[in-house]
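Structure record follows, encoded as structure tokens.
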Amino acid sequence: MKLAELLNERKAVKEEIKKVKERLYLAAKMQEGDAAPVESPEELRELLISLYHKLNELIVMINKTNLSTVIEGKNLMELIAERDKNIAIAEVLHRLADGASPKPERFSRNEIRFVPTVNVKEVRKEADLYSKKAREIDNKIQAANWNTEV
């Protein structure tokens, strides 16, 4: 099985957990005098617990594989952390540039005018560099996901 397939399975299990939790919460109570609920809360609880066990197994397998798969001198775990760091920095810088960009907010000359305290062009350029780094790392991660056997 490829790592990418394992990641897809983890995603599917997480989605199934979300659905079963909603069904469990709905089955947890009923109106007095009604017949038994459509679904048994006990069965849903057992299903939910088994799904969490399966999710645990998948996460352990994925994490072990991420630690043992090395690309360009770094394991996948390190690449994932680096990608996430670059995404976070890029988001902050993009938001900073958006916040500092002058907007026509004044209706008359008597109103206060806001001016940027940072070089918006340079901040956007830096944000774009971090975004590019994140995309490049993500491409390496995705390639490894489809080439790595678990």
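Across segment 22-40, the qualifying residues are those that are closer than 19 Å to Leu51 by Cα and among the hydrophobic types (A, V, I, L, M, F, W, C), and the one among them that is nearest to the chain's Cα centre (by Cα) is Leu24. Taking the conditions (1) over 19 Å from the mean Cα position of the chain (by Cα); (2) in the same structural domain as Ile137 (by TED's automatic domain parsing) in turn, Glu46 satisfies each one other than (2). Of the residues in segment 123-135, at least one is touching a residue at least 40 places away in the same chain (Cβ under 8 Å) and of a type in the set (D, E, K, R).
The residues on offer are Leu26, Leu55, Leu93, and the sole one that is touching a residue at least 24 places away in the same chain (Cβ under 8 Å) and assigned by TED's automatic domain parsing to the domain that holds Met1 is Leu55.
Among helices (runs of 4 or more DSSP H) entirely within segment 1-106, having at least 1 residues that are modelled with pLDDT under 95 and in contact with an Asp or Glu (Cβ under 8 Å, 6 or more places away or on another chain) singles out 3-27.
Table: residues versus (1) exposed (fewer than 11 other Cβ atoms within 10 Å of the Cβ); (2) of a type in the set (S, T, N, Q); (3) over 24 Å from Leu3 (Cβ atoms).
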site	(1), (2), (3)
Gly99	no, no, yes
Ser108	yes, yes, yes
Arg113	yes, no, yes
Val120	no, no, yes
Glu126	no, no, yes
Leu129	no, no, yes
Asp138	no, no, no
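Looking across segment 107-150, the residues that are in contact with a Leu (Cβ under 7 Å, 6 or more places away or on another chain), farther than 30 Å from Lys64 by Cβ and not in a loop (DSSP other than H, G, I, E, B) come down to Val123, Glu126, Ala127.
The set of residues from segment 73-83 being surrounded by 12 or more Cβ atoms within 10 Å (Cβ to Cβ) and either without any contact (Cβ under 8 Å) to a residue 24 or more places away in the chain or in contact with a Gly (Cβ under 7 Å, 6 or more places away or on another chain) (or both) comprises Lys74, Asn75, Met77, Glu78, Ala81. Exactly one residue among Val60, Val38, Val70, Val92 is surrounded by 12 or more Cβ atoms within 10 Å (Cβ to Cβ) and either farther than 30 Å from Val123 by Cβ or among the hydroxyl-bearing types (Ser, Thr, Tyr) (or both), and that residue is Val70.
The values are calculated or read from the model by the stated rules, or taken from the named source; none is laboratory data. Quick caveat, the model's predicted, so the values are computed rather than measured. Because the Cβ atoms are built from the backbone with ideal geometry, glycine has one as well, and the counts that use them run over all protein chains shown.
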